[in-house]
Amino acid sequence: MIYVCIPSHDEGPTIGLVLWKIRKVFEAFPREYQILVVDDGSTDETAEILKPYTNVLSLTVIRHPTRLGYARSVEELLGAALDRTDRPKRDSAVLMHGDFAHGPEFLPDFIRRLESGADMVVGEATLAGEPSRGRRMVRRFAPMLLRRAVRVEGVNDIVSGFVAFRLMTLRNALRGPGALRLASDGWAANAELIGRAARHARRIETVPVIERHDLRPRESRVEPWIQARQVWRAAGRIRLGPARAAEEVAS
């Protein structure tokens, strides 16, 4: 089973089309899948748009009455996948966004690598369509700011939010001895999640993806200098250090 996990806040204009495109991908690339969406306190029409899709797709919607933030939404989605699986060594979860930043057409690339033995697959993004020079610059340099806190051998885009995990790897990372909740949010939470999962992955791979910022009808919520300060502070709080795939360590 593949669990496609989508955190969403006020993504009414795009979430329905994203779900439909995911369905079309799996029609052409047949695999058993479920879609899990967190509606994180949306104040737009997201809830109304999602409702009819639950009748035609294998879709579960988890609603937060008030906004809890990206990190809490990601934790809940991945936790829901772990709760549902009875085959954690085989099943997987793919984390992606609901605003077309992450294209559903890349899903087969992630899944093929998992099926070939990878335990974690990270989408290494090339930015496209971002009009703000400040956001482009911060997105490009955020991984460098976090490298003193989180380093995974072979992974350059440590803040990528387009990531796939074998569920056994995820279970060991999030529910093993001493596991803690994500201490950061936004891009830093992505880095923390990747860094933590890497310690339990025998094989880590990357796939090139295009991160689109010109397909959503709303303005980006990323305030570049606020995000830069958050990443900088997170780099001082997160203490994961360097990691490499367990398979490489053993060799």
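Here, each number is a calculation from the coordinates, and none is a lab measurement. A quick note: this is a predicted structure, and the numbers were derived from the prediction, not measured. In this analysis, Cβ positions are derived from the backbone assuming ideal geometry, glycine residues included, and neighbour counts consider all displayed protein chains.
Neighbour counting of Cβ atoms within 10 Å sorts the residues TYR33, TYR70, TYR3, TYR53, fewest neighbours leading, into TYR53, TYR33, TYR70, TYR3. Stretching the chain fully between ARG87 and ASN55 yields a gain of 8.9 nm (0.36 nm per residue, less the alpha carbon separation). A simple spin-label model places pseudo-atoms 7 Å from Cα toward Cβ; at LEU127 and TRP20 they are separated by 3.0 nm.
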